[in-house]
1. Counting other Cβ atoms within 10 Å, keep those with at most 15, restrict to DSSP loop, and tell me which trypsin sites (Lys or Arg not before Pro) in region 177-240 are left.
2. Could you work out the mean projected area of the convex hull around the alpha carbons of region 196-293, in square nanometres to one decimal?
3. Taking R0 as 41 Å, what FRET efficiency do you get between ASP281 and LYS158 from their Cβ-Cβ distance, rounded to the nearest 0.05?
4. Work out how much length LYS223 to LEU318 would gain on full extension: take 0.36 nm times their residue separation and subtract the Cα-Cα distance, in nm to one decimal.
5. Sort 305-317, 4-16 for me by packing, meaning the mean count of neighbouring Cβ atoms within 10 Å per residue, highest on top.
6. Highest mean first, how do 319-332, 30-43 rank when packing is the count of other Cβ atoms within 10 Å averaged over residues?
7. So, R0 is 60 Å and r is the distance between the beta-carbons of ALA372 and ARG128; what FRET efficiency does that work out to, to 0.05?
8. May I ask you to list the lysines whose Cα is less than 18 Å away from that of LYS159, ignoring any residue fewer than eight positions away on the same chain?
Amino acid sequence: MAGKVKWVTDIEKSVLINNFEKREWIQVTESEDWNFYWMSIQTIRNVFSVDTGYRLSDDQMVNHFPNHYELTRKDLMIKNIKRYRKELEKEGSPLAEKDENGKYIYLDFVPVTFMLPADYNLFVEEFRKNPSSTWIMKPCGKAQGKGIFLINKLSQIKKWSRDSRTSTFVAASSGKEAYVISLYIDNPLLIGGKKFDLLFVDPSLWCLTLRYKLGFCRFCTVKYTPSTSELDNMFVHLTNVAIQKHGDDYNHVHGGKWTVSNLRLYLESTRGKEVTSRLFDQIHWIVVQSLKAVAPVMNNDKHCFECYGYDIIIDDKLKPWLIEVNASPSLTSSTANDRILKYNLINDTLNIVTPNGDIPDCRWNRSPPREALGNYQVLYDEEQAQSENAERDLRSRSGQSLGSKGTKGSAGVRPATATWK
């Protein structure tokens, strides 16, 4: 399509603007005609609000789905995953199989979590089953470690609830912040004695789920201890750079980060290649299942794409846990390597959502050619999966044996599905 892309952003980050300028796109204001708008979460709310009645044209594209919060808000993510599990159970899906203790074998990838104050009684019941457990409280709609704290006694949450009753500890429907409380992963995998988490960017484009290969790990600055005397020390427990950069031992050169490729090399050398490959397969599985959990409620507007930031913690048994998903992974660069990674991330994303730098057209075929993927890899292709399912149904009707639905291979191996790449 002829003409230059006209861009707008309300996020003044060099990794964004340099990518737009490299393509010789034209900067305009939001009140002018634009083709590509990289928006903040607040702006996307306004664009898709009922009050504005704004309609995007075929040549406009934005970087958020209208209701991305179904996955990126902590309480809604948990609610959707729980619903997804129940639906699979009702269908008799082998994915919803449980062990002798009633735990999901394949879908146990989020810590036990309750919404507060709505689920307070259920939380108390669970807490009393294991009174020595530690729990982590998080406000549903905040990021960067704000408002998070750990508890190991019911009296702590009761006191905090009383102190907060007039401010934040109220139902979300009242317009104020609700909280989630999750069982704390108190046996994290440690490297150099320190806790870390993994951050992956996994874009979702209409019917395609991708994973960016160049994620990174964030380390705490203080060595981990499960000691109850250190529950208030966020430099021990929270990996957020917004918190760790204030620590005495924060390193401004590497920012307390490793690339995921370095983590993989470390794990291959200490745990073996097979175990490491299985771990990363499990992480990819988590991403796909979380997106399938929100698929029925997500408004996959063809004018939109989303760069989800997946926060994963690995425990000392090499089991990955999904902690949360962010709608706006930070584009702030704290180190030189950080800047390079995020610049390349934006570059590769733009190559996919605006092929050849052309003006967007939401009527495009959405599957990018392999050479356009850059550092992305395809995790899940819904169109291909539907095609395979249709073919399988056809074979089934024609009498060809497809095997028993519930049959598993060796222990611990997920049932083969046509919908997970």
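Read the figures in this text as sums done on the coordinates, not as results from a lab. Since the structure is predicted, the reported quantities are computational estimates derived from the model, not experimental observations. Heads up, the Cβs are rebuilt from the backbone with ideal geometry, glycines too, and the neighbour counts pull from every protein chain shown.
1. Sites meeting the loop and neighbour criteria: LYS223.
2. Averaged projected hull area, Cα only: 8.4 nm².
3. About 0.45, to the nearest 0.05.
4. Stretched out fully, the LYS223 to LEU318 stretch lengthens by 32.3 nm.
5. By packing density, highest mean first, the sequence is 305-317, 4-16.
6. 319-332, 30-43
7. Efficiency at R0 = 60 Å is approximately 0.65.
8. Excluding near neighbours in sequence, the set is LYS138.
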